[in-house]
Amino acid sequence: MRDDESRSLWDHITGEAFDGPNAGKRLPFWGVELTTVEAELADHPNVILIQSESMPWYGRLMRFVFGNNLIGKKGTVLPPRFRKSMNSDIDDRLPEGENGLGVMDENNNAKFYPISTLQKGESITDEWQGRELIITRGRIDGTPRAKWADTGEKPMQLLSRWYGFSFTYPGCDIYS
């Protein structure tokens, strides 16, 4: 992503500028959780929900070409020429299409929690970076979420496929 003001290029996952006048600077972040309407209404019955009707042309094209799911029986189906745009091989410690929760700290340490290791509606506690991290997978939506046990604060987290997370955080830890 490029900002209009300085024309710096920013990594859309880490929030760090890697080119331009702001290179080396990092944008502030806050946690955004993915969920379903059903799960959100169960937790917050008075929430106001807004639905966007717009979808970029390339989103419509990809949905037309690949359907609603880019994971096939043989693994991840990546758009044509996508693999060639990656400047390194995909980390083979997990299947490339494995979904999971990636958690990052302020020092750029990262850990991936494969969704297959988390039971729907249950929590796990993991000792990471000298602290206890609680990962809970939603009982309705099945989406994993993380928070620190001592403060309840949410670390930077990203629901992602393994290939994308490991590409951004090479050599990251994996929960097992």
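Looking at the range 34-48 only, could you name the residues that are closer than 26 Å to Gly102 by Cα, hydrophobic (A, V, I, L, M, F, W, C) and part of a loop (DSSP other than H, G, I, E, B)?
Listed by number, the list holds a single entry, Leu34.
Of all residues in the range 1-42, how many are of a type outside the set (A, V, I, L, M, F, W, C) and over 26 Å from Arg161 (Cβ atoms)?
Within the range 1-42, residues that are of a type outside the set (A, V, I, L, M, F, W, C) and over 26 Å from Arg161 (Cβ atoms) number 11.
From Met62, Met86, Met55, grab the single residue that is of a type outside the set (Gly, Ala, Ser), at pLDDT below 80 and within 30 Å of Glu106 (Cβ to Cβ).
None of the others qualify; the one that does is Met86.
Conditions tested, residue by residue: (1) surrounded by fewer than 18 Cβ atoms within 10 Å (Cβ to Cβ); (2) within 25 Å of Lys25 (Cα to Cα); (3) free of Cβ contacts under 8 Å to residues at least 24 places away in the same chain.
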{"residue": "Pro95", "(1), (2), (3)": "yes, no, no"}
{"residue": "Phe112", "(1), (2), (3)": "no, yes, no"}
{"residue": "Gly121", "(1), (2), (3)": "yes, no, yes"}
{"residue": "Arg137", "(1), (2), (3)": "no, no, yes"}
{"residue": "Leu159", "(1), (2), (3)": "yes, yes, no"}
{"residue": "Ser166", "(1), (2), (3)": "no, yes, no"}
{"residue": "Pro170", "(1), (2), (3)": "yes, yes, no"}
{"residue": "Asp173", "(1), (2), (3)": "yes, yes, no"}
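Kindly provide the set of residues from the range 17-26 that are surrounded by 16 or more Cβ atoms within 10 Å (Cβ to Cβ) and under 23 Å from the mean Cα position of the chain (by Cα), ordered by number.
Ala17
Tell me, please, whether a residue that is at pLDDT 95 or above and assigned to a loop (DSSP other than H, G, I, E, B) can be found in the range 97-110.
no
Quick one: would you say Thr76 is in contact with an Asp or Glu (Cβ under 6 Å, 6 or more places away or on another chain) and either surrounded by fewer than 13 Cβ atoms within 10 Å (Cβ to Cβ) or at pLDDT 80 or above (or both)?
no
The values are calculated or read from the model by the stated rules, or taken from the named source; none is laboratory data. As the structure is a computational prediction, the values presented were derived from the model and not from experiment. Every residue, glycine as well, gets a Cβ built from its backbone with ideal geometry; the counts of neighbours run over all protein chains shown.
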